[in-house]
């Protein structure tokens, strides 16, 4: 079997020199006389890029030589100093001009070169001008225009997967910084990216280049929606949010995408959820998210294997909970997953825990969710206290009712005893139902006003759970209003106290 041909790196196809040997550099005085017009070469210092850029601007340069020159520039731009020299040599304009070249290989390398130069503010500063400062002879038939719209056109008009990937990577490089994010918005590229994603999603990317293209574009949208003014305006009303939700719904359960590595697959899911999260900060985005059944889909990722994906899912649900319909959807789909995350301990990040608590508080503005979630976490007094504070008494009070099973009533009784007997700073979290601040400072008064029939329920539990029920009644009667209310109920016969507890109740109320 014949050995495969070794493809040498670009740097090893030409003369190599060291900065420490510049006095012995053979081309210090003249770097052009001995070279043919299409020989790709560079010199030292300030003359590192001019010949390469000159070749890129030459109309008759063969495509393979253009590719070689572009790759040489990419290889040399490994540090900021070299990037600055390339930008000063007008490499951005030359690469922009070649985005419209007829050769797919040239388009690939031109997009890659732009992506490398976009990490410097000088390179991003030249992109609105594009190739408009070049002469007509250098521009040729390509036409003049800014850089970003030309990149966006390649997403639609070029079928080569590597071109799409390099274009997407260039957009991602531009949006690493705030000024680049704003430029992408101002140049109308967000609209183009949204149109491209609407045309390709919710189908899964079939290859690695298209998977990376999707990743880079989602990272671009996540950046502009977070940092640019008006960054999300072009994403509404075009169906993109519905497409992203649909894409997340069809991702395999293991989260692995075809052609993408495990790390890239995780990052694609995370960035898709981040875009939904950021768009959800606008009421228009929330409504589209809810209409697309986004809560149901995002809830599936509360149990994802990667912590960052779970965190992004919680953030997406958090903004959805600002809408009444979002609270209803969260009640229907999310309590199990949210309770599991809140009980996960140190396995989750503090940010995830705090965001999850905020999400539960927001959804708890819907009474049905508040009661349902309190039922699910009734065994965790610490969690009820963290989420609701004193108001947890109102959330668990329905569990004291006679129609509940005895085990549930006893557990709720223990929680009530904890909140009524433990000294707290008062309710610093105003989650409905909320009485006046005085009542929140006094759990007994709060329970009397907001926990319907709590005295009836506590007396009813004296038969089956005498000790904790007596403890709760004793705590209630330590305040004047509950003590007077209990005394009135007993004296009028509206409450029938079991024989074994009459002495205890008489001692609390003074009513025999």
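The values are calculated or read from the model by the stated rules, or taken from the named source; none is laboratory data. Since we're looking at a predicted model, the values are computed, not measured. Here the Cβ is made from the backbone with ideal geometry for all residues, glycine too, and neighbour counts use every protein chain on show.
Tally time: how many residues in the stretch 233-263 are under 18 Å from residue 186 (Cβ atoms) and either surrounded by fewer than 23 Cβ atoms within 10 Å (Cβ to Cβ) or not assigned by TED's automatic domain parsing to the domain that holds residue 307 (or both)? Explain how you work it out, then say what you get.
Looking only at the stretch 233-263, we keep the residues that are under 18 Å from residue 186 (Cβ atoms), and these are 233-236.
Still in the list and also either surrounded by fewer than 23 Cβ atoms within 10 Å (Cβ to Cβ) or not assigned by TED's automatic domain parsing to the domain that holds residue 307 (or both): 233-234, 236.
The total comes to 3.
Being within 15 Å of residue 219 (Cα to Cα) and assigned by TED's automatic domain parsing to the domain that holds residue 285 is the requirement here; does residue 194 meet it? First the steps, then the outcome.
On the way: within 15 Å of residue 219 (Cα to Cα): yes; assigned by TED's automatic domain parsing to the domain that holds residue 285: yes.
For residue 194, the condition - within 15 Å of residue 219 (Cα to Cα) and assigned by TED's automatic domain parsing to the domain that holds residue 285 - is met.
Restricting to the stretch 234-252, name every residue that is touching a helix residue (DSSP H, G or I) at 6+ places or on another chain (Cβ under 8 Å) and more than 15 Å from residue 276 (Cβ to Cβ).
Answer for the stretch 234-252, where residues must be touching a helix residue (DSSP H, G or I) at 6+ places or on another chain (Cβ under 8 Å) and more than 15 Å from residue 276 (Cβ to Cβ): 234, 237.
Only one of 70, 120, 99, 76 is farther than 19 Å from residue 54 by Cα and not assigned by TED's automatic domain parsing to the domain that holds residue 215. Can you tell me which? Before the answer, list the steps.
Details: 70 fails: farther than 19 Å from residue 54 by Cα; 99 fails: farther than 19 Å from residue 54 by Cα; 76 fails: farther than 19 Å from residue 54 by Cα.
It is 120.
Within the stretch 119-131, can one find any residue that is touching a residue at least 24 places away in the same chain (Cβ under 8 Å) and on the phi > 0 side of the Ramachandran plot?
yes
Of these, 167, 185, 163, 106, which one is outside the structural domain of residue 71 (by TED's automatic domain parsing) and either over 27 Å from the mean Cα position of the chain (by Cα) or assigned to a helix (DSSP H, G or I) (or both)? Even if it seems obvious, please write down each step before you answer.
Numbers: 167 fails: outside the structural domain of residue 71 (by TED's automatic domain parsing); 163 fails: outside the structural domain of residue 71 (by TED's automatic domain parsing); 106 fails: outside the structural domain of residue 71 (by TED's automatic domain parsing).
Answer to the selection: 185.
Using beta carbons and a limit of 7 Å, which pairs, at least six apart or on different chains, have the first residue in the stretch 337-348 and under 13 Å from residue 382 (Cβ atoms) and the second one modelled with pLDDT of 90 or more and not in a helix (DSSP H, G or I)?
The qualifying pairs are 343/380.
Does the stretch 355-380 hold any residues that are over 29 Å from residue 308 (Cβ atoms), surrounded by fewer than 19 Cβ atoms within 10 Å (Cβ to Cβ) and touching a helix residue (DSSP H, G or I) at 6+ places or on another chain (Cβ under 8 Å), and which are they?
Residues satisfying the conditions are 368, 371, 375, 379.
So which helices (runs of 4 or more DSSP H) stay within the stretch 391-473 end to end and still have 2 or more residues that are at pLDDT 90 or above, surrounded by fewer than 19 Cβ atoms within 10 Å (Cβ to Cβ) and under 40 Å from the mean Cα position of the chain (by Cα)?
Values: elements: 392-396, 406-421, 437-441, 443-450, 454-460.
Per the criteria, 406-421.
Which pairs have Cβ atoms under 6 Å, sit 6 or more apart or on different chains, and link a residue in the stretch 379-403 that is at positive phi to one that is modelled with pLDDT under 95?
Listed pairs, sorted by first residue: 389/427; 389/429.
For the stretch 188-207, name all the residues that are over 22 Å from residue 265 (Cβ atoms) and not in a loop (DSSP other than H, G, I, E, B). Don't jump to the end; show me each part of the working.
Keep residues of the stretch 188-207 that are over 22 Å from residue 265 (Cβ atoms), which gives 188-192, 194-195.
Once the filter is applied, which keeps residues that are over 22 Å from residue 265 (Cβ atoms) and not in a loop (DSSP other than H, G, I, E, B), the stretch 188-207 yields 189, 190, 191, 192, 194, 195.
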